[in-house]
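Below you'll find the structure, written out as structure tokens, and then a few comments.
A short reminder: the numbers here are calculations on the coordinates, not readings from a lab. Remember, it's a predicted structure, so these values are computed and weren't measured experimentally. All Cβ positions, glycine included, derive from the backbone under ideal geometry; neighbour counts span all protein chains shown.
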Amino acid sequence: MPISATSSLLNCQNVTIQRGEFPLCEAVNLVLNRGDICHLVGENGTGKTTFLMQLAGLIPVLTGDISWQGKAGLPVQPFYVAHQLGIHLQLTVEQNLRFLLALYGIKPSADALEQALDWVGLAGYEKINCYQLSAGQTRRVGLARLLFALEYVAQFPCWLLDEPLTALDVNMIAKIEHLMQTFVQRGGAVLMTSHQTVAVANKQLDLTLYMV
């Protein structure tokens, strides 16, 4: 779909990021347009993860305004991938991926699962329990869901990714970055944290500038 540079998807005005009763950052402003890949940076303790959780609707916003496509609340469901990924180690790779996708109402076919696992370098791992995987392999299981989310831009137009590049090799990082580019070219937007340089990002939000 065509992308307009002025097609605002997310607008944050004077938002306070706080953990419990303690404010971490104040008066945070962000405009995220369709086609944007925004790298969220900041010192440890600035609330990067907390901010993503606020945007995902998992933590309330007590001060400031957040609107999606010009509407307050959460009329748009973002696709949130937490740093911990939500992997259950006692379940198989296939069971974990089906569970993670079911949270968004996505029911993949066996062929689609096979293709996704092949894409993340885990072909043939469907029946392997996740406790048998390395840290990098476990992360790839969680990130495989992004390949499915790519087909649901209309339903989930914004990806909120918390440290998606951690414990990945150079080739897998390149794959994830290419996938993000494809997603935003289709009309989506990405807001992500990473301690690494994000070569495909076209904007940056530094929460250090808003620290209390």
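Among the listed pairs 107/127; 107/203; 71/203; 48/127; 71/175, a Cα-Cα separation exceeding 26 Å is found for 107/203; 48/127; 71/175. Sorting 25, 130 by the number of Cβ atoms found within 10 Å of their own Cβ, with the fewest placed first, yields 130, 25.
Using Cβ point charges alone (K and R +1, D and E -1), the dipole size of segment 1-124 about the Cα centre works out to roughly 220 debye. Full extension of the chain between residue 167 and residue 107 yields a length gain of 18.8 nm, computed as 0.36 nm times the residue separation minus the alpha carbon distance.
Distance from the Cα centroid of segment 170-212 to that of segment 127-163 is 15 Å (rounded to whole angstrom). So, R0 is 30 Å and r is the distance between the beta-carbons of residue 118 and residue 61; what FRET efficiency does that work out to, to 0.05? Calculated transfer efficiency: 0.15. Could you compute the longest span of the chain free of GluC sites (Glu not before Pro) located in DSSP loops and having at most 14 other Cβ atoms within 10 Å, not counting the site residues? The segment 44-150 is the longest one with no such site. For segment 80-156, averaging the sequence separation of C-alpha pairs within contact (under 8 Å, six or more residues apart) and dividing by the residue count gives a relative contact order of 39 percent.
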